[in-house]
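Note sheet for the following structure.
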Amino acid sequence: MEEEKTEGEEKENAEEQTEEVKEEKKTKEQEKIEELEDRVKRQLAEFENFRKRTDKEKEQMFETGAKSVLEKILPVVDNFERGLANLKPEDEGDPHVEGMKMIYKQLMTELEKLEVKPIEAVGCEFNPDFHNAIMQSPSDEYESGYISQELQKGYMYRDTVLRHSMVAVVP
């Protein structure tokens, strides 16, 4: 009878050891699964950060390119404005003059769609963030520190200055 108990106990011990080995394997497998899941999560986060960074870099490159092109167009706008400002009254009905006016209007409309806007100057208080004072000019119309004359129009592109206004300030 003792032999039977011993055999039964041995079986029980063997089963317990087998269970422990199985649990140990499950724990190791679970650790490996958790480690792999962690690696996958980190890779996904790293990829998402890379995507965001490249999107931001692309946007900055586009903005830089757009700003560069717009800076080159501004002298054309200046020339249109000078030409239209020097028209004689007798030239008013001329088809060439009307064509110039239409082209200028279209150019300004497109610039506005691109969020390019002229900087307010005459009658405004001088602000070095937007204006470049190149001379002082006395005025009865405006107080000291205010802009009395705009010599070259300045422009904003979205929230940045594309070109500062060149102005005369009342001393």
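Bear in mind that the values in this text are calculations on the coordinates, not laboratory data. As the structure is a prediction and not an experimental result, all values here were calculated from the model. Glycine also receives a Cβ, built like all others from the backbone with ideal geometry; neighbour counts cover every protein chain displayed.
Miscellaneous remarks
- Contact annotation: residue pairs with Cβ atoms under 6 Å, 6 or more positions apart or on different chains, pairing a residue in segment 158-171 that is closer than 11 Å to F126 by Cα with a partner that is of a type in the set (A, V, I, L, M) and in a loop (DSSP other than H, G, I, E, B), are S165/I119; S165/A121; V167/A121.
- Test result for I73, assigned to a helix (DSSP H, G or I), of a type in the set (A, V, I, L, M, F, W, C) and within 21 Å of S165 (Cβ to Cβ): yes
- Screening the candidates I103, I73 for the property of being under 20 Å from M156 (Cβ atoms) and touching a residue at least 12 places away in the same chain (Cβ under 8 Å) yields one hit, I73.
- Just so you know, in segment 119-157 the residues that are in contact (Cβ under 8 Å) with a residue 40 or more places away in the chain and assigned to a strand (DSSP E or B) include one that is farthest from the chain's Cα centre (by Cα), and it is Q152.
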